[in-house]
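Here's the structure we're looking at; comments come further down.
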Amino acid sequence: MNALGKGLLIGAVQVALVLAVGGKLLYDRAALPRAWVETAGFDPVLPIRGRYVALNLLFEAAPESATIPAGEDTASGTLVVRGEAAMVVLERDPADERPRGPLQFMRRDTHDGERWMLVRPVAFFLPEHAPDPTRGAEPGELWMEVTVPRRSLPRPIRLRRSGDE
């Protein structure tokens, strides 16, 4: 195979990979449940910044969550969607009382009471000339619509402020 054939083959493989990832994300958006989630701003200190905002997601604990002792501020769990709200089901191993679950959460007191914040912030990429929606946002004002995969991080779709419909 000559150099042109090898280059075309590598290009075709790369296009196939991009189409496969894009197709999976489109399928997930159509098939997985969606929910609006309260956000809290987070500004990472990175030497290279793109046009994105990093946001922490806040969740209420579902009624069937395991009880987390008051002294522990971190827990593991999974996300479930109830109506239009996403909630965290906190999990503990009954044998040794250690946290288990694919996602890590931290306890956080907010203006509406106790919430569980996803430890890893979610990046939301902005169009080139769009204003930063986190500037001037009060606590509880900025919400993100996400798709909720069964055992991985939520995937952002769009942002809105409270009162915008």
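Quick notes on this structure:
- In this calculation the C-beta distance from Arg51 to Met1 is compared with R0 = 35 Å, giving a FRET efficiency of 0.30.
- Most fluctuating residue given options Glu145, Glu84, Glu128, as computed from a GNM of the chain linking Cα atoms under 10 Å: Glu128
- Sorting Ile10, Ile157, Ile68 by the number of Cβ atoms found within 10 Å of their own Cβ, with the fewest placed first, yields Ile10, Ile157, Ile68.
- Taking the C-alpha atoms only, the angle from helix 3-31 to the longest principal axis of the chain is near 30 degrees.
- Per-residue ellipticity at 222 nm computed for the chain from its helices equals -6500 deg cm²/dmol, with DSSP H segments shorter than 4 residues left out and the rest contributing -39,500 (n - 2.57).
- Dipole moment magnitude, nearest 20 debye, the chain about Cα centre, only Lys, Arg, Asp, Glu C-beta charged: 920
- Dimensions (Å) - the chain, Cα atoms, principal axes, largest first: 66, 45, 35
- Charge dipole of the chain about the Cα centre (unit charges at C-beta), most positive-ward option of Thr78, Gly113, Met1: Met1
- Whole-number percent relative contact order across the chain, with pairs defined as alpha carbons under 8 Å at least 6 apart: 25
- The residues neighbouring Ala85, those whose beta-carbon lies less than 14 Å from its own, together hold a net charge of -2 under the Lys/Arg +1, Asp/Glu -1 convention.
Here, each number is a calculation from the coordinates, and none is a lab measurement. Values in this document were obtained by computation on a predicted structure and should not be read as measured data. Every residue, glycine among them, receives a Cβ derived from its backbone with ideal geometry; neighbour counts consider all protein chains shown.
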